[in-house]
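Every number in this text was worked out from the coordinates using simple rules, so none of it is lab data. These numbers come from a predicted model, not from an experiment. Reconstructed Cβ throughout: ideal geometry from the backbone, glycine too, with neighbour counts over all protein chains shown.
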Amino acid sequence: MTTLPAGPGFSTTVEALRLREWQLGPGRPTLVLDQFSAEDFHLIVDDRADVHVSSKDGRFYLGWFPDGRLGTDGEGWTIAVTGTAEARGYHLSFDTETPADIVAAAVARVLNTSSRL
C-alpha cells in the first residue's frame, strides 16, 4: 500500500488531481434557440435542417449545423456579430459535440451586450 506524504497544502493538491465528470454531447439545442424572439430575429430552417437565426438589423447571426457545417471540420454552431466602420466584428464557433448549455451561455452573453438604438 502506498502512503501519501502529509503536510500543509498536500490534501489540496490531491483534491485538485481527482477525476471529474464533465458534461459531454450536444444536449438540447432548444436551450440556445429559445433565446430568440420573432419580434427581434428571423429564423430559417434550410433543406439540410440547418438553422439560421439573424437579427432584424442583420448585425447578429447564429447558425446551427447538427451534422456539421459544409466545408468545415465538425463546426456545429457559429455566432457572428458584424462590426461597424469604427470597430471590427467577431466570430465564435463550436464543435457539433459542444454541449448546448455552453453555447446557450455564450449566446446569452452576446445578446446581453446588445442594446437598442
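The table below gives the values:
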{"item": "Alpha-carbon radius of gyration plus Dmax, which is the widest Cα pair, for the chain in Å", "result": "20.2, 68"}
{"item": "Normalised per residue, the volume of the convex hull around the Cα set of region 68-117 (Å³)", "result": "89"}
{"item": "Summed side-chain charge close to Ser55 - residues other than Ser55 whose Cβ falls under 15 Å, Lys, Arg +1, Asp, Glu -1", "result": "0"}
{"item": "Volume per residue of the C-alpha convex hull in region 16-64, rounded to whole Å³", "result": "125"}
